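*Asks:* Below you'll find the structure I mean.
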Amino acid sequence: MSDMQDMEKTESEEQIARIAAEMRLANDGLSDQDKAYFCDARPQAVEPYRGIMEKFANWARSQSLWILGFGTGCGAIELRPLMTSRFDMYRYGIQPRPTPRQSSVFVIGGYASVKTVKRIVRSYEQMQGPKFVLGLGSCTVNGGMYWDSYNTINRIDYYIPVDVYITGCMPRPEALLAGFNRLKQMIREGRCEGMNTYAENFDWYKANQKQIIKDWNMPDYNW
Amino acid sequence: MVDVKQNSQRSKFPPVDAVTGKSRYNLLSGKYLKIWQGPQHPGITGNMSLELTVCGDEVIECKTHVGYLHRGFEKLMERRKYIQCFPLVCRICVPEPDFNEYLFAAGAEELAGIEVPEKALWYRTLTLEMARLASFLMWIGGQAGAFGMATIGQWTVTMRDYVLDLFEELSGGRIYHMYIIPGGVRSDLPAGYARRVEDTLVMIEKVLKDIDLAMMHNAVFKKRAVGLGVITPGMVDEYGITGPNARGSGIRRDIRKDLPYLVYDQLDFDIITEEGGDAYARTRVRMRETAQSIDLIRQMLRKMPAEGPFFRKLPNVLHWKVPTGQTYVQAECTRGEYGFFMVSDGTELPRRIYVRGPSYTHAVTLMERLAVHVNIADTAGLMVSLHTYPPEIER
Amino acid sequence: MNAILTKALYTLISLFVITNYGLLLGGTMARVRAKVQGRIGQPVWQPYLDILKNNFKRTGIYHGVMFYLGPVFRLAGGLGTYLFIPAVYGSAVFSNFSFSGDLLLVMYFIFFGQLGMALGAGQSGHPYSPLGVSRGLAQMTAFEVPFALAVIAVASQHQTLSITELVAAQQGGILNWVAFTNPLAMIAGMISFLGMTMGNPFSVVIAPQEIPIGPPTEMQSSFLGMLQTNRAIFQGAKLVLFMNLFFGGATNIVSMVVKTFLIYLYTVVVGASFPRFRTDQSIRFFLGVPTLIGIAAVVIQML
Amino acid sequence: MNSISAAASAGTGSGSGTGTETGTGTGLSGERFPVRERFPVWKDKFSLVSSMIQRQDLAFVQVPMQTTVAFITHLRDLEGYAHLVFFTAIDYIEDGIFRLTYMLHNYRRHHDLGVQVDIPREDAGMESIHHLWPHGATYQRELKEMYGIDFPGSPGVDESFVLEGWHDIPPMRREFDTKEYSEKTYYPRPGRVTYDPTEYMKEKLYPSEAETW
């Protein structure tokens, strides 16, 4: 079984390399009319500040986490108790935000179907850095209950960089709070550079995404 | 206010070309604006999206897009044994997974000819009603939130959390209980459970009274909800509308009464209907059904048999071959008629399991019809008032 | 020369105080709202952290010149509103730039920020932004009517358009307040204040559920930080204005804090207990009863 | 033809179905809808192939492809089966057929009737029912996508419903292997171990009990 997996692995790696080589970032799939609306720049890795300034910035970031209001899967159902008086995440400076532009944390709520992955990628790219991703539920780790489904992906970290996983099906609100605390700690330690990881390995991520999203009708990078 | 006549004269389909299915509105004319509500949007129920064409503030065309949550349950169940399906089915519907568990169990039992002990029937009914209570509490908060009243949502979701605590005590799981299994239920009620249920019910009743005052008698809420998304009685059969959406239009339909399952024929309750068919009538139906659900739970705790087995031993479930046959079992969930169509071909694996979710018609065809000529600010409220839930559409 | 420098110093102090006061008040009111909902709520200093976080963002999207200028206009509107209102009557530091006729200028500035925001939001290119802007401007035009009528009633009552003189006329006891000498104007003004603070039931402009979250849909990073700073200043300015107009102003900073807190609490309590109006409904609402009350107030003054 | 048909005729012969705890006949006082009496009428008019009574409130009938839509229209307009509960397909790959099931509900009689029709798997197509129920178009859109069954004339039937950019064979067909597809496409995380539950239980958990099975 492991042999077969290895073989498939190399095969898909080759495929990724091929897609990456073919890929150009000039939004070539778009019509001329649409091209004008989108930028064709690649994401750039941004150097952090140095010394105490970055420490201070990270502290401020960790104290004000704004979740993108996008319930991508069934995990979103436990976000609602988390927001309300039983668990009250506002106490920790965590609050939901309706637009990706203003939010800094993306909670992947469990399984992600291919159709949703496309929206996840788009929303993730629209968020302004530094941005953090929380993988919620076992489905984001290895597919969970739906490991053999033809429409849900198995590993979300092949498509966007993930900072913290919270396992379980479903993870309890307490587990979510623990995950958020872990994320805060990691931010303060300066270990959450997922945005730079994404920029540096952009070709790899993009090739992975293109391998499953068959009708790619959006710009290659949505800022 | 309620322009029923005008509503019924509208065309059956949203104004799309019958042949190509494309929109008749030319977006390049500059008169119309196309906006997407969802999937990334706080005003949408779950993960789905509405493609709205608006002219000014008025929606003139609506198209529902689903499939963001498609996991291929029906395909997955075809390659799992019956007992392996059982942890999978509850994940079809998150707010009230117990209906999936019950229907799967009932279908399998009917095909295999298994009798369930009397006590298990009571336990099943109890969990179903508790799930209904939890789901309705969440819905009330959602409907208030869709009109901008966050306070109600905070109250009810907390109350729902206390119901989830009861579930946790019963089955060990907050969201997915996996309590109802083929052959009965998984465990007996813990000691003193009835008293804790009663405590929670008292608490919920108090909050419901507050909500009735703050929401149902609120002038602004009435202004928003009355006359929004009118379902005429004639539309009910045409669009396959079931559940509170139909009862809000004065149609007396409730599977609990029409085709009594479990122990509903031993319980004392009435079908709740309201006149009007608008979002306000639907809200009233659901508010009253929440109270009814509390009453039913009390009745059950009173009438429930104390002694007896709660589980009938199955044959070795790993080799459990269900005889050839097909059946359709249905139950009244919070949104309407929930059903499982199960086909067995005599092997260890089910041949086909089809899940009939009420949102299938409510969220797609009905929503596309009702959203036309609605103010764009009301689409979220309209959507919530139909109580749609996307995973049961695409499964 | 020296006088100008002193004035500049006083202005800075005044601005510093109102910014911090506005931020802390915002944080406190979030906690009050949370209490109504049965929660503990965010820390009082959370607005500071949010602004810091937004300004520490590493990237920011630029949509054109007007996109830059939108938040700047908004901030100018907030500052302008505040700087022409005497915050504490008789205090050299907090009297700001009040002059005779400043009431009209303040009314203009309240509108100004929104217009600037409309330009910025329009250039962001997001369809939600113009929807939100059109809702905001329509609603604003509506609540300006009762507000203007209330202001006319108050101005004709005291025969002045200077806020300082209005406050001076209300000194000497609680019964001299406009709230008691001219209750109709106060009622019309306080109803339009609900619209001005954009809390429920008039929050459809920035409502997340009703399609747009409004003009700031595309605003991010330091743009959003600037908007948040402005919101604190603007909120403080509006509270001080209404305190001066209807509730006798304040002679020291403590009475200012108490009065503005209570006025703010009124909007929060109303906001926590009502859903939102749609835009057309709120316009109908403002042009109905509040406008009639305002007209009655003016007519009574004219008689 | 296949096992279901055999069971169907057996069911018709033996009378009451294998109803279990779903409250067969216990709830409603008074007589149930005597659907059996309708079968000869339908057989004359619409040449019923087979019929089967599963429970007192549920029956299945099988009709030929040509008379299906006429039969459903008759049921809807004249017999009170006005509610289309669902419409789906079952794939009998070994017989080379899809079995379409239209589940209709009669609210007056509280009776469910499943109308089944076999259509060939090759070049599968069926008459559309979107003119009878608007939501029939949605079911047909789904069937087209999931099984590749065509419904000419149904609005928007060629649009994708839940899948997006699907290039493989329609996923609900039996020959489509979802596990293989998933492993090929979605980078399974190494470390997942699968035991055959039968073997595992025999060896590890119940070495004594396993012998009895």
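Throughout, read-outs are computed from the coordinates displayed, never taken from laboratory work. Note that the structure is a prediction, hence the values are computed from the model and not measured. As a convention, Cβ positions derive from the backbone with ideal geometry for all residues, glycine included, and neighbour counts pool all protein chains shown.
*Asks:* With a 10 Å radius around each residue's Cβ, average the other Cβ atoms per peptide and rank C:187-198, B:176-187, B:293-304, highest first.
*Replies:* Ranking, from highest mean packing down: C:187-198, B:176-187, B:293-304.
*Asks:* Sequence neighbours fewer than 8 away in the same chain don't count; with that in mind, list the lysines whose C-alpha is under 29 Å from B:K257.
*Replies:* Reachable lysines: B:K119, B:K206, B:K209, B:K303.
*Asks:* Which whole DSSP H helices in chain C pass both tests: a Cα extent of 18 Å or more along the axis and a mean Kyte-Doolittle value no lower than 0.0?
*Replies:* Both cut-offs are met by C:2-36, C:65-83, C:102-124, C:128-158, C:183-197, C:221-246, C:253-272, C:289-302.
*Asks:* Which three lengths, in whole Å and largest first, does chain C cover when its Cα atoms are put on their principal axes?
*Replies:* 55, 51, 41
*Asks:* Take every residue in peptide C:265-278, count the Cβ atoms of other chains within 10 Å of its Cβ, and give the average of those counts.
*Replies:* 5
*Asks:* Also, quick follow-up: With only alpha-carbon atoms counted, please give the Rg and Dmax of the range C:202-268, in Å.
*Replies:* Looking at the range C:202-268, its Cα Rg and Dmax stand at 15.1, 44 Å.
*Asks:* Which value does Rg/Rh take for the range A:31-212 over its C-alpha atoms, Rh per Kirkwood?
*Replies:* 0.97
*Asks:* Ok, one more. Using 1/(1 + (r/R0)^6) with R0 = 35 angstrom and r between the beta carbons of C:V254 and C:L104, what's the FRET efficiency to the nearest 0.05?
*Replies:* Result of the calculation: an efficiency of 0.70.
*Asks:* Next question. What do the square roots of 5 times the Cα gyration tensor eigenvalues come to for the range C:3-124, in whole Å, largest first, as semi-axes of the equivalent ellipsoid?
*Replies:* 27, 23, 15
*Asks:* Taking a cut-off of 12 Å, what percent of all Cα-Cα pairs in the range B:52-100 are separated by more than that?
*Replies:* The calculated P(r) of the range B:52-100 puts 72 percent of pairs beyond 12 Å.
*Asks:* Over all pairs of distinct alpha carbons, what does the Kirkwood formula give as the hydrodynamic radius of chain B, in Å?
*Replies:* Computed over chain B, the radius equals 21.9 Å.
*Asks:* What pairs from C:K53/C:K238; B:K81/B:K313; B:K75/D:K144 go past 23 Å between their alpha carbons?
*Replies:* Checking Cα-Cα distances, C:K53/C:K238 exceed 23 Å.
*Asks:* May I pose another question? Alpha carbons only, please: Rg and Dmax for the protein assembly as shown, in angstrom.
*Replies:* Looking at the protein assembly as shown, its Cα Rg and Dmax stand at 31.6, 111 Å.
*Asks:* How big is D for the range C:119-160, in µm² s⁻¹ as a whole number, if Stokes-Einstein is applied with the Kirkwood radius of its Cα pairs at 4 °C and 1.567 mPa s?
*Replies:* Stokes-Einstein gives a translational diffusion coefficient of 106 µm²/s.
*Asks:* Across peptide B:258-270, what mean number of C-beta atoms from other chains lies inside 10 Å of a residue's C-beta?
*Replies:* 4
*Asks:* Right, another one. What are the lysines whose alpha-carbon lies under 17 Å from the alpha-carbon of B:K34, with same-chain residues fewer than 8 places away excluded?
*Replies:* Straight-line reach from B:K34, under 17 Å: B:K22, B:K63.
*Asks:* Shifting gears a bit: How many angstrom lie between the C-alpha centres of the range C:240-303 and the range C:201-219?
*Replies:* What the calculation gives is 22 Å, centre to centre.
*Asks:* Mark the label point 7 Å from the Cα of B:V226 along Cα→Cβ and return the residues of the range B:342-373 whose backbone N is within less than 13 Å of it.
*Replies:* none
*Asks:* Now for a different question. Which value, in Å to one decimal place, does the Kirkwood hydrodynamic radius take for the range B:227-302 when every pair of different Cα atoms is included?
*Replies:* Its Kirkwood hydrodynamic radius stands at 13.0 Å.
*Asks:* Using alpha carbons only, how many angstrom separate the centre of the range B:329-395 from the centre of the range B:71-130?
*Replies:* Computed from Cα coordinates, the inter-centre distance equals 17 Å.
*Asks:* Additional query: Given the range B:241-346, what whole percent of its Cα pairs are spread farther than 24 Å?
*Replies:* For the range B:241-346, the share of Cα pairs beyond 24 Å comes to 43 percent.
*Asks:* Could you tally up the Lys pairs in the range A:31-212 with alpha carbons closer than 27 Å? Skip any pair fewer than 8 positions apart unless they're on separate chains.
*Replies:* The result is 16.
*Asks:* Now for a separate question. If you count, for every residue in C:202-210, the Cβ atoms of partner chains within 10 Å of its Cβ, what is the mean?
*Replies:* Counting other chains' Cβ atoms within 10 Å and averaging over C:202-210 gives 6.
*Asks:* Follow-up. Which residue, B:G56, B:G243, B:G43, tops the fluctuation ranking in a GNM of chain B built on C-alpha contacts under 10 Å?
*Replies:* Its mean-square fluctuation being the largest, the pick is B:G56.
*Asks:* Let me spell out the model: positive unit charges on the Cβ of Lys and Arg, negative unit charges on the Cβ of Asp and Glu, origin at the Cα centre of the range D:77-122. What dipole size does that give, in debye rounded to 20?
*Replies:* My answer is approximately 280 debye.
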